[in-house]
Amino acid sequence: MEPGGFHVDPVAPVERAVITHGHSDHARPGHRHVMATPATLAIMRRRLGDGAGGTLQPLGYGEAVRVGDVTVRLVPAGHVLGSAQVVLEHAGARAVVSGDYKRAPDATCAPFEPVFCDVFVTEATFGLPVFRHPPAHGEVARLLHSMTVFPERTHVVGAYALGKCQRVITLLRAAGYDRPIHLHGALMPLCDLYRDAGIDLGELRPATVADAAELRGALVLAPPGAIADRWARRLSDPVVALASGWMRVRQRARQRGVELPLVISDHADWDELVDTLRDVGAPEVWVTHGREEALVHQAGRMGIRARALSLLGFGEEGA
Amino acid sequence: MNRFAALIDALAFMPSRNGKIRLLVDHFAHTPDPDRGWALAALTGTLVFAEAKPAAIRRLAATRVDAELFAWSYDYVGDLAETVALIWPGGPEHGAGDPAAAPGLDEVVTALQGARRADVMELVEGWLDRLDASGRYALLKLITGALRVGVSARLAKTALAAWSGVALHDVEEVWHAVTPPYGTLFAWLDGRAGRPDAGTGAGFRPLMLATAAEEGDAASFDPGDWCAEWKWDGIRVQLAARGAERRIYSRTGDDVSAVFPDVTDHMSFDAVLDGELLVVRDGTVAPFNDLQQRLNRKTVTAAMLRAYPAFVRLYDILFEGAEDLRPLPFVARRARLEHWYEAVRPRRMDLSPLVPFAGPEDLAALRDGAREAGIEGLMLKRRDSPYVAGRPRGPWFKWKRGALTVDAVLMYAQRGHGKRSSFYSDFTFGVWRGEELVPVGKAYFGFTDAELVELDRWVRAHTVRRFGPVREVAPGLVLEVAFDSVNRSTRHKSGVAMRFPRVHRIRWDKPPGEADRLETVESLVDR
Ligand SMILES: [Zn+2]
Ligand SMILES: [Zn+2]
């Protein structure tokens, strides 16, 4: 997309980029000028250092700037801290690039706001009607129940460093879990950033696997890549859990060797995708980032003109 | 239904047997009657009602979901019940119903048991609208008879014992006298009522099992105290014929009568017997592989009855008529068994002979000479041993002949389960046929934890290809593999299959070119 000489979430370095949120498949390094919410810029600085961009231009939710002959506004997407939809207005027409989004409640970020528009660009990570995420508090209740059935085992939960980790922690706290939560080293920096942003995560401790005994019966969060490998094997008889929308499908959970699949996602499920198409009222929808065909078909059933927009570099993001 | 669904979900993902037991214990402890009893029945396969066909479920889904969306979804998920459970547009989690209105397991089972087949799908449709995705999945698996969560009747009974503190063999003794939803069983295990009457029917009586003899035990095998028998390589069974009832039970109490009519046909007596189920042709015991053709089936064809005729070699007698012989010493029971056999002469059965021996050395020679098909080694039974349920250490020993070994080359490694899920711990190995390696077996154990770490490291460093959880490794590591026997097999590329292979030693020192050849393995095949 380049209506005003800039790109949204470009996959290769560009002159001017607008970034929807800090996940690595959206916020890539090396752009000369980057515009994003202050939280997203902070996340990019934390993850990419100087690679975050030449000049960083913060744009708060709801503020409008003109770039060429296009007005740009960022609106909450409900995906992770700082995540935004990019609203573009030009010659009386409005397009919304929603990035990744969800409609389910999340104490760690501002909720999604539907924006009425002419063209809506939507993700479709979970663009099949079998993906319908259950309420997240029920999934956390299953985790806490497992901890009562296996009180001596270490429960290790795979969760992405940005967003999922902090959301799972707030869900646990909301469910009354007030013991310290142990974190794999890779998760700590972004938790600190969330806390700086005023999000209460309770007591967090580094999970030093050297003290496997101390972690007996504890709850450990780790990146999904670590839960089934060398790092986790040093824990005490771990119960391996993974918090991801993909866990809805049993075969996916089995492939990951997961004993306790937790269906907790930061992406819209099928019902949220369909509701959102209805809410934004756009007569034209571009579908990207996932399983486009089913959502394009569904849009057609709703009388919406839809087409798949295949973007290179958008793999299957686990969330 | 929600509790049952949560149990089904948790069991399905639980790799370890011990973990499954703890999940069941938690369920029995926290679920009221009769739901826990129905759950027990559903898991142990004792629930009977008109089942629904997958095609009917598919038709039902088609009334609610767009055909193309369903097709894409089914293609992705790969399981019909799971697809329908996930895609079903009703359900309380989507605001279509009140979670408190979800049907209980009792409501579902009672209604299904009373329903005519023609009315089942209408009931199911109503329930699907009131259940969440987990509940819908459990319901659909239940009504299609496809609840596969790796829980055997034995495991469920073990969990009942673990939860209640009652001994497993006591649970087994009454198991066949109680019926779903097992109110009297739970009342007893809860301590609210006495033990249910085991009855005089053809119920299963828990078996007496032998422990493996160790080096130190052998010296005490004196013919004055011990009787010896061959240890036959079949499956241990109990024959129970009481009145009109004729049952064959596996060692764990599973009723396998239906697939062995060639044995039940000849059980026109009133007794409970202990023996070994074998395939015997013209008086000769066939390899275990032949018996395997008759196991794990729901039905049996006339051709199979002809090709693999079943036979029972009798070891012991537990009841003759109504008389409980279990408290008698072994030699007294043996005398009763011999008299009984002389009088009844049942076809397709004979007596396992006692093996005379002079002393421990003689016995060791007999054991190691026992290479013919159908014999795994020796059984030693104390002359004064009563028939006691379970596996008491002391009165009975099994003394297997030494294992066979070959040097094989590691070919593939796969991630294990549970504790071992982060290690490559399942090893497929092969031997040379000309210039190529052909797989001859797979071993999961026999190495120490420390060796596992080294094996895992070796696998990671020598991987040449990956297929999902499996890694193919370069031929570079020799494993000395021990196994009990080897049979011809058409299912394996090598034409042979090992029984109970395990890693005996890791031959870090041995070049793979010096590993054994297929001809060597073939020479060990049982006749
Ligand atoms: Zn994202
Ligand atoms: Zn994304």
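The values are calculated or read from the model by the stated rules, or taken from the named source; none is laboratory data. The model shown is predicted, which means the values in this text are computed figures rather than measured ones. Reconstructed Cβ throughout: ideal geometry from the backbone, glycine too, with neighbour counts over all protein chains shown. To get the accessible areas, we keep the full protein, side chains included, count just its heavy atoms, and leave off ligands, DNA and RNA. Shrake-Rupley method; radii C 1.70, N 1.55, O 1.52, S 1.80 Å.
Results, tabulated for the structure shown:
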item: Answer from A:R278, A:R234 - the residue that is open to solvent by 10 Å² or more (accessible area, probe 1.4 Å), within 30 Å of B:R17 (Cα to Cα) and without any contact (Cβ under 8 Å) to a residue 40 or more places away in the chain; result: A:R234
item: Filtered residues of the stretch A:246-275 (kept if of a type in the set (D, E), under 23 Å from A:V296 (Cβ atoms) and more than 15 Å from ligand 1 (Cβ to nearest atom)); result: A:D271, A:D275
item: Where A:A241 falls short, out of the listed (1) within 14 Å of chain B (Cβ to nearest Cβ); (2) under 22 Å from B:I87 (Cβ atoms); (3) surrounded by 23 or more Cβ atoms within 10 Å (Cβ to Cβ); result: (2)
item: Residue under evaluation A:V156, criteria (1) surrounded by fewer than 24 Cβ atoms within 10 Å (Cβ to Cβ); (2) farther than 26 Å from B:S73 by Cβ; (3) within 14 Å of chain B (Cβ to nearest Cβ), criterion not met; result: (1)
item: Matching residues, the stretch A:244-275, being surrounded by 23 or more Cβ atoms within 10 Å (Cβ to Cβ), in contact with a Leu (Cβ under 8 Å, 6 or more places away or on another chain) and among the charged types (D, E, K, R); result: A:R248
item: Single condition B:L477 does not satisfy, out of (1) under 32 Å from the mean Cα position of the chain (by Cα); (2) buried (at least 19 other Cβ atoms within 10 Å of the Cβ); (3) at pLDDT 90 or above; result: (1)
item: Elements of type helices (runs of 4 or more DSSP H) contained in the stretch B:182-267, each with 3 or more residues being touching a strand residue (DSSP E or B) at 6+ places or on another chain (Cβ under 6 Å); result: B:261-264
item: The lone exception for A:G257 - which of (1) in contact with a strand residue (DSSP E or B) (Cβ under 9 Å, 6 or more places away or on another chain); (2) closer than 30 Å to A:G78 by Cβ; (3) within 14 Å of chain B (Cβ to nearest Cβ) it fails; result: (2)
item: A:V96, sole failed condition from (1) more than 16 Å from ligand 1 (Cβ to nearest atom); (2) open to solvent by 70 Å² or more (accessible area, probe 1.4 Å); result: (2)
item: Some residue of the stretch A:306-313 being open to solvent by 50 Å² or more (accessible area, probe 1.4 Å) and within 16 Å of ligand 1 (Cβ to nearest atom); result: yes
item: Breaking point among (1) more than 9 Å from every other protein chain (Cβ to nearest Cβ); (2) open to solvent by 10 Å² or more (accessible area, probe 1.4 Å); (3) aromatic (F, W, Y), for B:Y74; result: (1)
item: Condition check for B:A61: among the aliphatic types (A, V, I, L, M), more than 10 Å from chain A (Cβ to nearest Cβ) and part of a helix (DSSP H, G or I); result: yes
item: Condition met for A:R301 (surrounded by fewer than 20 Cβ atoms within 10 Å (Cβ to Cβ) and over 21 Å from the mean Cα position of the chain (by Cα)); result: yes
item: Tally, over the stretch B:391-414, of residues that are open to solvent by less than 20 Å² (accessible area, probe 1.4 Å), among the small types (G, A, S) and modelled with pLDDT under 90; result: 0
item: Among residues of the stretch A:10-36, those that are open to solvent by less than 10 Å² (accessible area, probe 1.4 Å) and within 14 Å of ligand 1 (Cβ to nearest atom), counted; result: 7
item: Subset of the stretch A:160-218 (residues that are polar (S, T, N, Q), away from ligand 1 (no atom under 16 Å from the Cβ) and at pLDDT 95 or above); result: A:T170
item: Residues that are open to solvent by 10 Å² or more (accessible area, probe 1.4 Å), among the aliphatic types (A, V, I, L, M) and more than 17 Å from the chain's Cα centre (by Cα), drawn from the stretch A:122-147; result: A:A141, A:L144, A:M147
item: Which numbered condition B:L351 fails, given (1) open to solvent by 60 Å² or more (accessible area, probe 1.4 Å); (2) touching a Leu at 6+ places or on another chain (Cβ under 9 Å); (3) without any contact (Cβ under 8 Å) to a residue 40 or more places away in the chain; result: (1)
item: Answer residue from the stretch A:291-319, given it is within 16 Å of ligand 2 (Cβ to nearest atom) and within 12 Å of chain B (Cβ to nearest Cβ) and is modelled with the highest pLDDT among those; result: A:L295
item: Every residue from the stretch B:98-119 that is touching a residue at least 24 places away in the same chain (Cβ under 8 Å), of a type in the set (G, A, S) and closer than 16 Å to B:A41 by Cβ; result: B:G104
item: Failed criterion for B:F445 (all others in (1) at pLDDT 80 or above; (2) open to solvent by less than 40 Å² (accessible area, probe 1.4 Å); (3) more than 14 Å from chain A (Cβ to nearest Cβ) hold); result: (2)
item: Which listed residue is assigned by TED's automatic domain parsing to the domain that holds B:D265 and under 19 Å from B:V272 (Cα atoms), from B:P356, B:P346; result: B:P346
item: Of the criteria (1) outside any helix (DSSP H, G or I); (2) within 14 Å of chain B (Cβ to nearest Cβ); (3) open to solvent by less than 10 Å² (accessible area, probe 1.4 Å), which one A:L215 fails; result: (2)
item: Single residue of the stretch A:218-231 satisfying the filter (within 9 Å of chain B (Cβ to nearest Cβ) and not in a loop (DSSP other than H, G, I, E, B)) that is least open to solvent (accessible area, probe 1.4 Å); result: A:W231
item: Residue match in the stretch A:78-85 (condition: in the same structural domain as A:T40 (by TED's automatic domain parsing) and more than 16 Å from ligand 2 (Cβ to nearest atom)); result: no
item: Positions within the stretch A:9-20 being within 12 Å of ligand 2 (Cβ to nearest atom) and touching a strand residue (DSSP E or B) at 6+ places or on another chain (Cβ under 7 Å), in sequence order; result: A:I19, A:T20
item: Pairs with Cβ under 6 Å, 6+ apart, first in the stretch A:146-160 and assigned by TED's automatic domain parsing to the domain that holds A:V240, second in a helix (DSSP H, G or I); result: A:V149/B:R22; A:V149/B:D26; A:H155/A:M147; A:V156/A:A232; A:G158/A:P224; A:A159/A:C165; A:A159/A:V168
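Conditions (1) open to solvent by 20 Å² or more (accessible area, probe 1.4 Å); (2) in contact with a Pro (Cβ under 7 Å, 6 or more places away or on another chain); (3) not β-branched (V, I, T), marked per residue:
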site	(1), (2), (3)
B:G416	no, no, yes
B:R420	yes, no, yes
B:F423	yes, no, yes
B:V431	no, no, no
B:L437	yes, yes, yes
B:D449	yes, no, yes
B:D456	no, no, yes
